[in-house]
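A.B. asks: Before I ask anything, here is the structure I am working with.
The values are calculated or read from the model by the stated rules, or taken from the named source; none is laboratory data. Please read these numbers as outputs of a predicted model, since none were measured by experiment. Here the Cβ positions follow ideal geometry from the backbone for every residue, glycine too, while neighbour counts run over all protein chains shown.
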Amino acid sequence: MTSPLQQKIKINGPVVVTANRVGDGAVVYRRADGGWTTELHDAAVTADAGVARELVSAAVADDLRAVGPYIAPVTLTRDGEVRPGNLRELIRRHGPTIDLPVTFGI
Amino acid sequence: MYIYDDLDRTLVTERVAEFRDQVARRLSGELTEDEFKPLRLMNGVYLQLHAYMLRTSIPYGTLSSAQLRMLAHVARRYDRGYGHFTTRQNIQYHWIKLEELPDAMADFASVGMHGMQTSGNCVRNITTDQWAGVAPDEIEDPRIWAEIVRQHVTLHPEFSFLPRKFKIAVGASSHDRAALRIHDLALRLHRNGAGETGFEVMVGGGLGRTPYLAKTIKSFLHTRDVLSYVEAILRTYNSFGRRDNIYKARIKILVHELGAEAFAKEVETEWQSIKDGPLALDPAVFDEIAGRFRYPAYARLDDNPKALAHARRSDPLFDAWMGNSVANHKLPGYAIVTLSLKPEGGTPGDATAEQMDAIADLADRYSFGEIRVGHEQNLCLPHVAQRDLPELWRALDAIGVATPNVGLVSDIISCPGLDYCSLANTRSIPIAQEITRRFHDRDLARELGRLHINISGCINACGHHHVGHIGILGVEKNGEEFFQITLGGKADEDAKLGTLIGPAVPYAQVADVVEDIAAAYIELRERPDELFIDTVKRTGVEPFKERVYAAR
């Protein structure tokens, strides 16, 4: 697989950098201050390919805290809310679209 | 049950200690992800959309009640209270934390379970018929052979870095319940004209983006030669299989490109050089391994006890379940019971910790403490006295695993799809759930008869869509979920790959399409007992295609 640093970055709109947290695999987003957050609204959002490249480069270097960083699309609502840009990212953000198995009350 | 020896226990325990150290080094930063990834994969640890995923092997689909309770414990203690049984007789946990994985593995090791060789380019969990040892049409218990091969290939240094993963299945019945032809290597035990027992050897099956059915390269292999012949196949694959292109690295591509005959010739040459060496099976080794399989102390019972007949007459729901989920056992007075993990609106193959605990208790009470896992993602109690069936049914019904839909339209095989899987293009579970709701009328499901729907959320085909009577494959088009439909696939002794009926349909239309196909079948079949798959075989897919696309 091509490293995210070697991939040509094409951006058609706002993006964030996302990954999974090393210790528990939770979905995390890169913050502007170089930290990670589980809250999408705290993520660094950019529509600039150069900035996105810098964000993902720094994220890749942060191998101790996050696994497999990549650039993911987001959308911005009129009031500035950040939302996942596709179904995969929506599911990563909010979890499976199905109910998890229920307990049958034994 | 197979009873592990000290060597097995030591191997599993040492692996836990090794992995604990590797995890500690990863968490401390001593190991990078690039260094750690191959190590975690060797233990069945993947990273999926939401979390790490742990895949644990259930060799030849056989579980003791103690092991099933451990599956429940791990689900409850380390995950979110459930597990997912896969099409390869494994279980997967989707919410495991890396920090806790060594403890989970240690708990598994305490009952002889592990995740070794459930990932990576090695020989994976060896699967077989979930009715092994109890099926009336079986000539010998195939698990003994699966275990012999398993012991040989486990941590075999020569086969730990194959060009790609390698899946083996073993069968020993006239009716194939192990989907032999879709495996890289399949061994079918049968008798030759002289009454000797040997294997038909099939190679090069597999689904994914380039599906092939395995081809027979040897129609009769003496059982003494099984290890040397398997070794010769693996060596041939190791030597000639492609490593430059992941999409062409499976043995099926090699067999296809070389031709089965030429491939067999290469295997034969290699085999001749090793067949009379140390790999020739020593009968004492066979006896030792066979002796580690313990069989229940069955009672002498009569078939069809009067109380059972009475219960069937007096309760139509019980009678429907009996007709659907209970199969003949090789011994009189006993039965094989399939537990459906496909409730209406549920996730195919999922079981909660509470269900697993309850099933373990029922196995102790009614099935000599033994449970089986089938590739159709259902469970099975293999040794139930027929007189106990009414009581067992009530208990199974109370925990939601007695839906009488085994082999019917709502007994859907499905991969986890985009709800969990990082490889998936589309969701598959919600499609399965919607179809079960559309066909919730049990009379309609019975009217349709045997009908297998298999769903995969991407071309990797973990949901075996190519061999579904109706196959559903998710593809992404411009960011939207679309689904290709195939008809006429099957994974039994007459295995076939399905035929694509036309352009992919959008997510919202898939269940409608399945309803259209079902309605077309009712109209097209010549007799009520002509199965769906036989109607498709007779008519081809055209009339179904017309029905599906005329309305769209």
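A.B. asks: Against the conditions (1) out of contact with any strand residue (DSSP E or B) (no Cβ under 6 Å at 6 or more places or on another chain); (2) within 13 Å of residue B:113 (Cβ to Cβ), where does residue B:10 fall short? Just the number, please.
C.D. replies: With (1) out of contact with any strand residue (DSSP E or B) (no Cβ under 6 Å at 6 or more places or on another chain); (2) within 13 Å of residue B:113 (Cβ to Cβ) applied to residue B:10, the lone miss is (2).
A.B. asks: Separate question: Residues of segment B:68-86 being under 20 Å from residue B:150 (Cα atoms) and surrounded by 24 or more Cβ atoms within 10 Å (Cβ to Cβ), which ones? Steps first, please.
C.D. replies: We begin by selecting, within segment B:68-86, every residue under 20 Å from residue B:150 (Cα atoms); these are B:86.
Selection gives nothing.
A.B. asks: It is to be established whether one or more residues within segment A:35-48 are within 14 Å of another protein chain (Cβ to nearest Cβ), surrounded by fewer than 18 Cβ atoms within 10 Å (Cβ to Cβ) and within 11 Å of the chain's Cα centre (by Cα).
C.D. replies: Checked segment A:35-48: at least one residue is within 14 Å of another protein chain (Cβ to nearest Cβ), surrounded by fewer than 18 Cβ atoms within 10 Å (Cβ to Cβ) and within 11 Å of the chain's Cα centre (by Cα).
A.B. asks: Only strands (runs of 3 or more DSSP E) wholly contained in segment B:397-505 count here; list those with 3 or more residues that are within 14 Å of chain A (Cβ to nearest Cβ) and over 18 Å from the mean Cα position of the chain (by Cα). Let's see the steps before the verdict.
C.D. replies: Numbers: elements: B:453-456, B:470-477, B:480-487.
The strands (runs of 3 or more DSSP E) meeting that bar are B:470-477, B:480-487.
A.B. asks: Can you give me the number of residues within segment B:203-240 that are under 17 Å from residue B:271 (Cβ atoms) and assigned to a loop (DSSP other than H, G, I, E, B)?
C.D. replies: Number satisfying all stated conditions: 1.
A.B. asks: Please name all residue pairs, on different chains or six or more residues apart, with Cβ atoms under 7 Å, provided the first residue is in segment B:274-286 and is outside the structural domain of residue B:141 (by TED's automatic domain parsing) and the second residue is at pLDDT 95 or above and part of a loop (DSSP other than H, G, I, E, B).
C.D. replies: Partner pairs satisfying both residue conditions: none exist.
A.B. asks: Can you work out which of the residues in segment B:24-44 that are over 23 Å from the mean Cα position of the chain (by Cα) and of a type in the set (A, V, I, L, M, F, W, C) is nearest to the other protein chains (Cβ to nearest Cβ)?
C.D. replies: Selected residue: B:27.
A.B. asks: If you go through segment B:392-410, how many residues are of a type in the set (S, T, N, Q) and on the phi > 0 side of the Ramachandran plot? Reasoning before the result, please.
C.D. replies: Step one: list which residues in segment B:392-410 are of a type in the set (S, T, N, Q), which gives B:403, B:405, B:410.
Then drop every residue that is not on the phi > 0 side of the Ramachandran plot, which leaves none.
Within segment B:392-410, residues that are of a type in the set (S, T, N, Q) and on the phi > 0 side of the Ramachandran plot number 0.
A.B. asks: Quick check on this structure: which one of A:19, A:59 is within 14 Å of chain B (Cβ to nearest Cβ), part of a strand (DSSP E or B) and either touching a strand residue (DSSP E or B) at 6+ places or on another chain (Cβ under 9 Å) or modelled with pLDDT of 95 or more (or both)?
C.D. replies: Values: A:59 fails: part of a strand (DSSP E or B).
That would be A:19, the only listed residue that is within 14 Å of chain B (Cβ to nearest Cβ), part of a strand (DSSP E or B) and either touching a strand residue (DSSP E or B) at 6+ places or on another chain (Cβ under 9 Å) or modelled with pLDDT of 95 or more (or both).
A.B. asks: Note down all Cβ pairs under 7 Å where the first residue falls in segment B:341-359 and is more than 7 Å from chain A (Cβ to nearest Cβ), the second is among the aromatic types (Phe, Trp, Tyr) and in a strand (DSSP E or B), and they're at least six residues apart or on different chains.
C.D. replies: Filtered contacts from segment B:341-359: B:341/B:85; B:349/B:85; B:351/B:82; B:351/B:85; B:353/B:82.
A.B. asks: Another question about this same structure. Within 16 Å of residue B:115 (Cα to Cα), at pLDDT 95 or above and in contact with a helix residue (DSSP H, G or I) (Cβ under 9 Å, 6 or more places away or on another chain): is that true of residue B:23 in this structure?
C.D. replies: Criteria met by residue B:23.
A.B. asks: So which residues in segment B:194-219 are among the small types (Gly, Ala, Ser) and either within 19 Å of residue B:146 (Cβ to Cβ) or in contact with a strand residue (DSSP E or B) (Cβ under 9 Å, 6 or more places away or on another chain) (or both)?
C.D. replies: Within segment B:194-219, the first condition is being among the small types (Gly, Ala, Ser), and the residues that meet it are B:194-195, B:198, B:204-206, B:208, B:214, B:219.
Within segment B:194-219, B:198, B:204, B:205, B:206, B:214, B:219 meet the criteria.
A.B. asks: Listed residues B:181, B:191, B:177, B:209; which is over 29 Å from residue B:46 (Cα atoms) and not assigned by TED's automatic domain parsing to the domain that holds residue B:325?
C.D. replies: B:191
A.B. asks: Using the structure shown, decide if residue A:100 is among the aliphatic types (A, V, I, L, M), away from every other protein chain (no Cβ under 12 Å) and surrounded by 14 or more Cβ atoms within 10 Å (Cβ to Cβ).
C.D. replies: no
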